[in-house]
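The values are calculated or read from the model by the stated rules, or taken from the named source; none is laboratory data. The structure displayed is predicted, hence computed values, not measured ones. Here the Cβ is made from the backbone with ideal geometry for all residues, glycine too, and neighbour counts use every protein chain on show.
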Amino acid sequence: MNAALRAMRTRVLRLLAVTSMYMQVVLALSLLFVIAVVLSLTGSLAFSAAELFASLAAIAVGALAVDLITHRLTRTAVRWESTLITALILVFVMRPTLEPAGLAWLAVTGAVAAASKVVLAWRGRHIFNPAAVAAAIMTIIGVSPAAWWVGTPGLAAVVVVLGIAVAWRTEKIRVVLTFIVLATAVSIGTSLIAYAQAGLTVAWTDVAVQVLLSSPILFLGFFMLTEPLTLPSRLWQQLLVAAVVAVFVGYPALSIGGISLGADRALLIGNIVAFALAVRSRNLCRLTLTDARDLTPRVREVTFTTDASASFVPGQYLELTVAHPHTDVRGNRREFSIVSAPSELPRLRIAYRVSPAERGSSFKRALGAAPVGTKLRSTGVWGDFTLPARGPLLLVAAGIGITPFVSQVRELSARGMNRDIVLVYVASAAAELAYHADFADHRVIIVTPDDPSPLANETWAGGERLTAASLARLVPDLSSRHALVSGPPALIADLQPALAQAASVKTDAFAGY
């Protein structure tokens, strides 16, 4: 990825990060539904607006009823955004209707999807995509087959635009593109073979247009394949899952045990592959809060103990759930880079930015008020913001973006590994420098508006603002180093002209919450 594209990517991410990724999916699917209703009013869809609204209501009632029951039994808060996402996905997959019997079955479909989140779950993660489970079961038993009516030319462009926003926010663009390209290629190949066997000639471009505009591929890729709780932790694993699903989606003539493979069943097969990879990785799950302390006026560190069998790679992040009343629009789940090293397990630490002068999000308030001994849940560990195996390194951290680097250098130290590392650490004030002591064995350049003296191995950049030009001046051998940058999207974008000179570049955008 060149510097201009990387800069654009990070700036767009900053805009998309105004809401949580779950809320963004809710908003995207809701807008897609509104556009579908408008098209139905103009006669551009085969279903009426009344059918769409009635079907969505039936699915949502069934899903919410089961969610309320299961969460009461498990004494956890209802994740209403999860319920909405499931209902909105299913309304595009199942056949809309106004018939009482059909609406009853749609309510059952929503209930099945909600129940699968509890029954077909392992250590806080979904084994299968809930909407795909419900669609597959209803199709197999034949009472309410999946229609995938979202695969229509009138909605294709909207699905792509909204889907790109979702995939960009969740950083799954490469996964989605891999799926769409491979699924389309396989579909074109199988279609051309079928036409040839029938003695017909058709242009592959016509087949490609038909596949992309009138099949479930786009919607499945953007809105279902990307569900975090059914994806493995590493990019190569996610690409593998995308490829598996693409093959089965593109070759629908395949069957297993006499059951034909539709898009929903193809996704379930991919979910099985993802689950097998997740079991091997032994990701974190149950966390017990053991300590919390303020490192600076605006940085708070929280320590947990976790399962003895847990594992992660330095630089990865976890998704933490903190159930609390009066949840704001950001929801009750957040992603945090892990500060501690794998060698410190079962002790695990995260850190986040706070502001005494502000109320902050409901999530931060709830986490800050949680007493020692509180049991929390991590739904998984993800990320590929890891160190290259060899070569000198440039680490650029802004504010709370220092956290993944702390995990990495602590693990290097625990293993007795010496790396040539230069850390450029940007903070809003000298008092906000957290964890810089962990880099005592490396060259550290501090960028703060005020003098951070007394200093040990660090060098103060003199109060200048970090720009691409100043970064190149501060690190004259940048071209020989692998650069990793963790901080606000705007800063990452501004540094791209200098980073383009590095041997390689990885970025980790902290958009804040």
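Of L239, L229, L267, L254, all but one fail to be in the same structural domain as A136 (by TED's automatic domain parsing), at pLDDT below 90 and more than 30 Å from T303 (Cα to Cα); the exception is L254.
Filter the range 465-512 for residues that are part of a strand (DSSP E or B) and either over 18 Å from R443 (Cα atoms) or among the β-branched types (V, I, T) (or both) and give the result. Within the range 465-512, V485, G487, S504, V505, K506, T507, D508, A509 meet the criteria. Scanning the range 407-431 for residues that are in contact with a Phe, Trp or Tyr (Cβ under 8 Å, 6 or more places away or on another chain), part of a helix (DSSP H, G or I) and closer than 16 Å to K506 by Cα gives no hits. Among residues of the range 113-125 that are assigned to a loop (DSSP other than H, G, I, E, B), those with a beta-carbon under 8 Å from a residue that is of a type in the set (F, W, Y) and modelled with pLDDT of 90 or more at least six positions away or on a different chain give the pairs L120/F128.
Within the range 69-79, is even one residue touching a Pro at 6+ places or on another chain (Cβ under 8 Å) and in contact (Cβ under 8 Å) with a residue 24 or more places away in the chain?
Checked against the condition, which is being touching a Pro at 6+ places or on another chain (Cβ under 8 Å) and in contact (Cβ under 8 Å) with a residue 24 or more places away in the chain, the range 69-79 yields at least one hit.
Picking from residues in the range 323-342 that are at pLDDT 85 or above and assigned to a loop (DSSP other than H, G, I, E, B), the one that is nearest to L484 (Cα to Cα) is V339. Just one of the listed residues (V207, V181, V176) is in the same structural domain as V273 (by TED's automatic domain parsing), closer than 30 Å to F385 by Cα and either among the polar types (S, T, N, Q) or touching a helix residue (DSSP H, G or I) at 6+ places or on another chain (Cβ under 7 Å) (or both), and it is V176. Of the set (1) free of Cβ contacts under 8 Å to residues at least 12 places away in the same chain; (2) more than 30 Å from A111 (Cβ to Cβ), all apply to G142 but (2).
For (1) in the same structural domain as D328 (by TED's automatic domain parsing); (2) hydroxyl-bearing (S, T, Y); (3) in contact with a strand residue (DSSP E or B) (Cβ under 8 Å, 6 or more places away or on another chain), each residue gets a yes or a no:
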{"residue": "E344", "(1), (2), (3)": "yes, no, no"}
{"residue": "R349", "(1), (2), (3)": "yes, no, yes"}
{"residue": "G373", "(1), (2), (3)": "yes, no, yes"}
{"residue": "A397", "(1), (2), (3)": "no, no, yes"}
{"residue": "I400", "(1), (2), (3)": "no, no, yes"}
{"residue": "T403", "(1), (2), (3)": "no, yes, yes"}
{"residue": "V406", "(1), (2), (3)": "no, no, no"}
{"residue": "S413", "(1), (2), (3)": "no, yes, no"}
{"residue": "R419", "(1), (2), (3)": "no, no, yes"}
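The residue that is surrounded by the fewest Cβ atoms within 10 Å (Cβ to Cβ), among those in the range 52-104 that are assigned to a helix (DSSP H, G or I) and of a type in the set (D, E), is E81. Within the range 282-311, take every residue that is assigned to a loop (DSSP other than H, G, I, E, B) and among the polar types (S, T, N, Q) and give me the one that is surrounded by the most Cβ atoms within 10 Å (Cβ to Cβ). Only one residue tops the list, namely N283.
A quick yes/no check of all residues on (1) at pLDDT 90 or above; (2) outside any loop (DSSP other than H, G, I, E, B); (3) farther than 24 Å from S355 by Cα; (4) over 29 Å from the mean Cα position of the chain (by Cα):
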| site | (1), (2), (3), (4) |
| --- | --- |
| F385 | yes, no, yes, no |
| A397 | yes, yes, no, no |
| A434 | yes, no, no, no |
| I445 | yes, yes, yes, yes |
| G463 | no, no, no, yes |
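Would you mind stating whether A389 is surrounded by fewer than 23 Cβ atoms within 10 Å (Cβ to Cβ), assigned to a helix (DSSP H, G or I) and either at negative phi or not aromatic (F, W, Y) (or both)?
no
For V175, are the conditions met, namely being of a type in the set (A, V, I, L, M), within 21 Å of A243 (Cβ to Cβ), modelled with pLDDT of 95 or more and not in a loop (DSSP other than H, G, I, E, B)? The answer is yes for V175.
Given the criteria surrounded by fewer than 20 Cβ atoms within 10 Å (Cβ to Cβ) and in contact with a Pro (Cβ under 9 Å, 6 or more places away or on another chain), does T190 qualify? Before you say what the answer is, go through the steps one by one.
Numbers: surrounded by fewer than 20 Cβ atoms within 10 Å (Cβ to Cβ): yes; in contact with a Pro (Cβ under 9 Å, 6 or more places away or on another chain): yes.
Judged against the criteria, T190 is a match.
Could you tell me whether any residue of the range 99-110 is within 21 Å of A242 (Cα to Cα) and of a type in the set (D, E)? No, the range 99-110 has no match at all.
With respect to V150, determine if the residue is within 19 Å of D264 (Cα to Cα), in contact with a Leu (Cβ under 9 Å, 6 or more places away or on another chain), at pLDDT 90 or above and not in a helix (DSSP H, G or I). Yes, satisfied. Quick check on the range 440-457: of everything there that is surrounded by 15 or more Cβ atoms within 10 Å (Cβ to Cβ) and in contact with a Phe, Trp or Tyr (Cβ under 8 Å, 6 or more places away or on another chain), which residue is farthest from P497 (Cα to Cα)? Filtering first and then ranking leaves P452.
A274 falls short of the stated requirement of being buried (at least 23 other Cβ atoms within 10 Å of the Cβ), modelled with pLDDT of 90 or more, within 30 Å of V249 (Cβ to Cβ) and more than 21 Å from the chain's Cα centre (by Cα). Taking the conditions (1) touching a Phe, Trp or Tyr at 6+ places or on another chain (Cβ under 6 Å); (2) modelled with pLDDT of 90 or more; (3) over 20 Å from L268 (Cα atoms) in turn, I127 satisfies each one other than (3). Within the range 480-505, if we keep just the residues that are more than 25 Å from S407 (Cα to Cα) and surrounded by fewer than 20 Cβ atoms within 10 Å (Cβ to Cβ), the residue that is nearest to the chain's Cα centre (by Cα) turns out to be D494. Here T10 clears all of (1) at pLDDT 85 or above; (2) buried (at least 20 other Cβ atoms within 10 Å of the Cβ) except the condition numbered (1).
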